[in-house]
Amino acid sequence: VQLQASGGGLVQAGGSLRLSCAATGRTFSSLTMAWFRQAPGKEREFVAAINWSGATYYADSVKGRFFGSRDNAKSTVRLQMNSLKPEDTAVYYCAAGDPSSSYLYSTEGNYRYWGQGTQVTVSS
């Protein structure tokens, strides 16, 4: 599976961005798709996941502000990010895998495929 993330950029605090991740190479609809992010000097952290049924899961830090969706016909997932804060600044990665339980969605080791990352910068 190849993943291509896009949609990052520079935005002021309080603004919005929408990230997209296009997948090729394998039946997309069966995969759990996730977003992780890595800020400078920090470890990569879980942001959101959306499983094959469309159920979504979010890190506490983004609940109510970020919303994930998927379009199986286009093999694409999106992350709508609203009310952005400077602490959301990071490189955002999309990932794909087959975690067997929702308890595993936030662990990056459960994702076999990764995109190249897209930079999101939120200015104060």
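The values are calculated or read from the model by the stated rules, or taken from the named source; none is laboratory data. Just so it is clear, the structure is predicted and the values come from calculations on it, not from any experiment. Glycine also receives a Cβ, built like all others from the backbone with ideal geometry; neighbour counts cover every protein chain displayed. For accessibility, only protein heavy atoms count, side chains too; no ligands or nucleic acids. Shrake-Rupley method; radii C 1.70, N 1.55, O 1.52, S 1.80 Å.
Could you compute the FRET efficiency for Gln80 and Ala39, with r as their C-beta to C-beta distance and R0 at 22 Å, rounded to 0.05? Write down the numbers at each step before the final one.
On the way: r = 20 Å, r/R0 = 0.91.
Between Gln80 and Ala39 the formula returns 0.65.
What full-extension length gain, to one decimal in nm, is calculated for Thr27 and Gln119 as 0.36 nm per residue of separation minus the Cα-Cα distance?
Values: separation 92, 0.36 × 92 = 33.12 nm, distance 2.72 nm.
Net length gain for the segment: 30.4 nm.
Would you rank Trp52, Trp35 by solvent-accessible area, highest first, keeping every protein chain in place and using a 1.4 Å probe? Display every interim value, and only then the final one.
Values: Trp52 165, Trp35 10 Å².
Reading off the accessible areas and sorting them downward yields Trp52, Trp35.
For the chain, what is the accessible area per residue in Å² when the probe is 1.4 Å? Mind dumping the intermediate values first?
Values: 6190 Å² over 124 residues.
Per residue, the chain has an accessible area of 50 Å².
Roughly how many nanometres apart are two label points built 7 Å out from the Cα toward the Cβ at Arg65 and Glu87?
0.8 nm
Return the percentage of antiparallel bridges among DSSP beta bridges fully within the chain, rounded to the nearest 5 %. Don't skip to the end; give the middle numbers.
Details: 38 of 42 bridges.
Just about 90 percent of them are antiparallel.
Which percent of the accessible area of the chain is formed by carbon and sulfur heavy atoms (probe 1.4 angstrom)?
Numbers: 2900 of 6190 Å².
The computed percentage sits at 47.
Can you work out the FRET efficiency for the pair Ala13 and Asn72, with r the C-beta to C-beta distance and R0 = 35 Å, to the nearest 0.05?
Working: r = 34 Å, r/R0 = 0.96.
Step by step, r from the Cβ atoms, then E = 0.55.
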